[in-house]
1. Give the calculated FRET efficiency between LEU133 and ASN187 to the nearest 0.05, with a Förster radius of 35 Å applied to their Cβ-Cβ distance.
2. Kirkwood hydrodynamic radius, segment 149-221, all distinct C-alpha pairs: what's the number in Å?
3. How far is it, in nm, from the label point at ASP119 to the one at ILE57 when both lie 7 Å from their Cα along the line to the Cβ?
4. Separation between the ASN178 and MET84 pseudo-spin-labels, each 7 Å from Cα along Cα→Cβ, expressed in nm?
5. For segment 149-221, compute the number of Lys pairs whose alpha carbons are separated by less than 23 Å, excluding pairs fewer than 8 positions apart on the same chain.
Amino acid sequence: MQDLLEILTLAYKKLSAQNIVLFLLLIKIVFCAFGGLIVTYIHSKFSYKWLRNNFNIYVGITLPVIGLVITTVIGSNIALSIGMIGALSIVRFRTPIRTPYELVHYFSLLTIGISAKVDLSITVVLIILLSILPYFIKRFSFLSKDTSGSNGKLSLNFQGSMNEKDFKKIITDKNIRNYSVKTEDNNFNISGYAIFNETSDKDNFLNEWSSKINNYNVDLDENN
C-alpha cells in the first residue's frame with residue numbers, strides 16, 4: 001500500500017500544471033457521480049422505490065457531473081455564463097415532474113456538482129445531509145399522520161400508460177373510484193381518480209405503479 005502511494009506521489013509530481021487541473025477535475029467527476037448514486041440509492045430505500053429504475057439511476061449519476069462540468073467551464077467568464085444561462089433556459093423536461101420532491105431531488109443532485117467546484121468538503125457535508133434526511137423524515141413523520149386523520153381523506157388524480165394485463169389489475173384496486181381509458185394498439189392510456197384513507201395506502205399504490213403512472217396530484221379531500 002505504501003509503495004502504491006509513493007508511485008502515485010511521484011506520478012503527481014511529474015504532471016504539468018495543466019495535467020494536474022485535469023487530474024483533479026477527474027477526481028471530482030468520479031466523486032460527484034458516486035455521491036449522486038449514493039443519495040439516489042438511499043432515497044430509494046425510504047418510500048421512493050421509483051428511483052431504482054435505470055433512468056433515475058442514470059440521472060443520479062450524471063446530473064451532479066453535469067453541474068460540475070457546467071460550473072467548471074463557465075468559471076469566472078461573465079460572457080460565457082450569460083450565454084450558458086440563455087442556452088439552459090430553453091432546456092426543459094418533456095416528462096412532467098410528478099411531485100415537488102422529484103424537483104427538489106434534481107436540484108439537490110445539481111447542487112452536489114456545483115458545490116464540488118467550490119469545495120469538496122461542502123459536497124461531503126451535503127451528501128451526508130441528503131442521505132440521512134429521508135431516515136429522519138420517515139422516523140419522525142408527523143405530517144403524514146396529520147393528513148391521514150379524521151379531518152379528510154387523500155384524493156389522487158393520475159394518468160398513466162400500460163398494457164392490458166396491468167390495466168385489468170389496476171382497475172380492480174379498491175381505492176379507485178372512477179376512471180377513463182383510451183386504447184392505442186395494445187397500449188391503454190388511463191386517467192383515474194382514487195381516494196385513500198391512509199397516507200401509507202397512497203404511498204403503496206404509487207410505489208407499485210410508479211413505472212406506469214406518468215403524472216399525478218394529491219389533495220386532501222374534505223368531502224369524503
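Nothing in this text is a laboratory measurement; each read-out follows from the coordinates by a stated rule. Fair warning: this is a prediction, and the values are worked out from it, not measured in the lab. Glycine gets a Cβ as well: all are built from the backbone with ideal geometry, and neighbour counts include every protein chain shown.
1. Values: r = 37 Å, r/R0 = 1.07.
Efficiency for this residue pair is about 0.40.
2. Details: mean 1/r = 0.0800 Å⁻¹.
Averaging 1/r across every pair of different Cα atoms and inverting gives 12.5 Å.
3. Output for this residue pair reads 3.4 nm.
4. Computed distance between label sites ASN178 and MET84 equals 5.1 nm.
5. 17
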